[in-house]
Amino acid sequence: MHFVYCWEIGADLGHITQLASIGQALQAHGHRVTAIIKDTRHAFSYLYPLGIAWYQAPLSTDLRPKELPLNHADILRAQGFNSISSLTGLIQAWRSLLQLLKPDRVLIEASPTAGLAARTLDLHVISLDN
């Protein structure tokens with residue numbers, strides 16, 4: 001079975017270390033794992049030794065607000081949910097990547113846009129967060 005792990009919001013090592021742990025466990029059970037990730041800076045250190053291929057996640061190019069987000073809605077607004085054209089472009093970029101990779105299961109962690117895209121393709125989505 002081919003799992004694609006998606007991460008698009010957030011920073012620091014918590015996301016990629018979780019991906020590495022989950023990916024390693026899935027591989028131990030004979031599954032293939034690919035990642036689409038927001039921040040590729042640490043991918044070589046954490047994913048390459050495990051044989052997990054990674055791709056750059058589609059990211060919003062909209063200007064980021066100068067204020068810190070107050071809630072989840074502010075975070076989503078800064079990630080491309082602020083306009084139909086931005087969100088449509090992001091969803092289509094995610095759809096293209098998922099169609100290219102042909103996963104059996106999509107694992108989403110801090111990835112609302114990836115989750116929407118996967119569901120429009122009738123892929124089985126497993127959310128690792130809220």
Of all residues in the stretch 54-76, which are exposed (fewer than 12 other Cβ atoms within 10 Å of the Cβ), in a helix (DSSP H, G or I) and not hydrophobic (A, V, I, L, M, F, W, C)?
HIS72
All positions within the stretch 1-42 that are under 16 Å from the mean Cα position of the chain (by Cα), small (Gly, Ala, Ser), open to solvent by less than 70 Å² (accessible area, probe 1.4 Å) and more than 24 Å from ALA78 (Cα to Cα)
ALA20, GLY23
When you look at LEU90, is it open to solvent by less than 60 Å² (accessible area, probe 1.4 Å), closer than 23 Å to ASP122 by Cβ and free of Cβ contacts under 8 Å to residues at least 40 places away in the same chain, yes or no?
yes
From the options GLN99, GLN92, GLN79, residue that is part of a helix (DSSP H, G or I), within 15 Å of the chain's Cα centre (by Cα), modelled with pLDDT under 95 and not charged (D, E, K, R)
GLN79
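The values are calculated or read from the model by the stated rules, or taken from the named source; none is laboratory data. Nothing here was measured: the structure is a model prediction, and the numbers come from that model. Cβ coordinates were reconstructed from backbone atoms using ideal geometry, including for glycine residues, and neighbour counts include every protein chain displayed. Calculation scope for accessible area: heavy atoms of the full protein, side chains included, ligands and nucleic acids excluded. Shrake-Rupley method; radii C 1.70, N 1.55, O 1.52, S 1.80 Å.
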